[in-house]
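Data first, discussion second: the structure below is written as structure tokens.
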Amino acid sequence: NAGVTQTPKFRILKIGQSMTLQCTQDMNHNYMYWYRQDPGMGLKLIYYSVGAGITDKGEVPNGYNVSRSTTEDFPLRLELAAPSQTSVYFCASSSLQVRDYGYTFGSGTRLTVV
Amino acid sequence: KNEVEQSPQNLTAQEGEFITINCSYSVGISALHWLQQHPGGGIVSLFMLSSGKKKHGRLIATINIQEKHSSLHITASHPRDSAVYICAVSNTGNQFYFGTGTSLTVIP
């Protein structure tokens, strides 16, 4: 089925460990986004990409890195995990501009850092 | 103060009731979005609008640009409508702001 696929769905990390959250979309969307959602808070944009080879910081980029080597893939890298990064992470994609086509979201990755 | 404010935070309704969720924003926007997040966590985009009104099934979204306000209406509500409804705005600079959501429970 077409859509945005995120892996893993759940993960527990120890402080200082690193990991990569994977995100793949098969809709040939130009725009891709990573958000985090903390309890009781709205979604916060971490990084976004307007196309392969182009990435930019969002509202809360510290502690994360991204790459966009292909249109389909937009992995999010956590280096030196910290408890403050415990959150639910959502990847999303859209065609051209969000205002024209809206979002498609992945199912989320629930990350706990202990 | 958040750029996007939603009300109410929580809403309980009887099946069949007409429901309204409100969203106010304080920034210039190019589009406003209504999202639905189910208890399992998945997020679905319901509407994206920059003016007027859109309808999809029992859902209606309206926006008043001058007043910086949007409403999401659900007619003939059903327990399967129970979810968190999130209002979000985006601007031409690719900045995005999200409300904290309205948790809706529809009781049979």
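The values are calculated or read from the model by the stated rules, or taken from the named source; none is laboratory data. Please read all numbers here as calculations on a predicted model, not as lab measurements. In this analysis, Cβ positions are derived from the backbone assuming ideal geometry, glycine residues included, and neighbour counts consider all displayed protein chains.
Among the listed residues A:V60, A:V88, which satisfies the condition of being in a strand (DSSP E or B), within 14 Å of another protein chain (Cβ to nearest Cβ) and not charged (D, E, K, R)?
On the way: A:V60 fails: in a strand (DSSP E or B).
It is A:V88.
Determine which member of the set B:I60, B:I29, B:I43 is surrounded by fewer than 21 Cβ atoms within 10 Å (Cβ to Cβ) and closer than 25 Å to A:S94 by Cβ. Full working, then the answer.
Values: B:I29 fails: surrounded by fewer than 21 Cβ atoms within 10 Å (Cβ to Cβ); B:I43 fails: surrounded by fewer than 21 Cβ atoms within 10 Å (Cβ to Cβ).
Only one candidate passes the filter, namely B:I60.
Taking strands (runs of 3 or more DSSP E) that fall entirely within segment B:30-108, which contain at least 3 residues that are at the interface with chain A (Cβ under 8 Å from one of its Cβ atoms)? Walk me through how you get there before you give the answer.
Numbers: elements: B:31-37, B:43-49, B:52-56, B:59-64, B:69-74, B:83-90, B:96-98, B:102-107.
Ranges flagged: B:31-37, B:43-49, B:83-90, B:96-98.
Tell me which of these A:F74 doesn't satisfy, since it passes every other one: (1) free of Cβ contacts under 8 Å to residues at least 60 places away in the same chain; (2) surrounded by fewer than 18 Cβ atoms within 10 Å (Cβ to Cβ); (3) over 21 Å from A:K14 (Cα atoms).
For A:F74, the failing item is (2).
Looking at (1) modelled with pLDDT of 95 or more; (2) loosely packed, with under 13 Cβ neighbours inside 10 Å; (3) not in a loop (DSSP other than H, G, I, E, B), which is the only condition B:G16 fails?
Against the list (1) modelled with pLDDT of 95 or more; (2) loosely packed, with under 13 Cβ neighbours inside 10 Å; (3) not in a loop (DSSP other than H, G, I, E, B), B:G16 comes up short only on (3).
Looking at the structure I just gave you, is B:N2 part of a loop (DSSP other than H, G, I, E, B), surrounded by 13 or more Cβ atoms within 10 Å (Cβ to Cβ), in contact (Cβ under 8 Å) with a residue 24 or more places away in the chain and not small (G, A, S)?
On the way: part of a loop (DSSP other than H, G, I, E, B): yes; surrounded by 13 or more Cβ atoms within 10 Å (Cβ to Cβ): yes; in contact (Cβ under 8 Å) with a residue 24 or more places away in the chain: yes; not small (G, A, S): yes.
Considered against the rule, which asks whether it is part of a loop (DSSP other than H, G, I, E, B), surrounded by 13 or more Cβ atoms within 10 Å (Cβ to Cβ), in contact (Cβ under 8 Å) with a residue 24 or more places away in the chain and not small (G, A, S), B:N2 comes out as yes.
When the residues of segment B:19-52 are narrowed to those that are touching a Phe, Trp or Tyr at 6+ places or on another chain (Cβ under 8 Å) and hydroxyl-bearing (S, T, Y), which ends up modelled with the highest pLDDT?
Ranking the candidates gives B:Y25 first.
Among the numbered criteria (1) more than 25 Å from B:V84 (Cα to Cα); (2) modelled with pLDDT of 95 or more, which single criterion is violated by A:T86?
(1)
With (1) facing chain B (nearest Cβ under 10 Å); (2) under 25 Å from B:Q95 (Cβ atoms); (3) not hydrophobic (A, V, I, L, M, F, W, C) as the list, and A:N30 as the residue in question, which single condition is left unmet?
(1)
Tally time: how many residues in segment A:10-49 are under 30 Å from B:E3 (Cβ atoms) and out of contact with any strand residue (DSSP E or B) (no Cβ under 6 Å at 6 or more places or on another chain)?
Total meeting the criteria: 4.
Considering every residue within segment A:1-24, establish whether at least one is of a type in the set (S, T, N, Q), in contact with a Phe, Trp or Tyr (Cβ under 7 Å, 6 or more places away or on another chain) and more than 23 Å from B:F47 (Cβ to Cβ).
no
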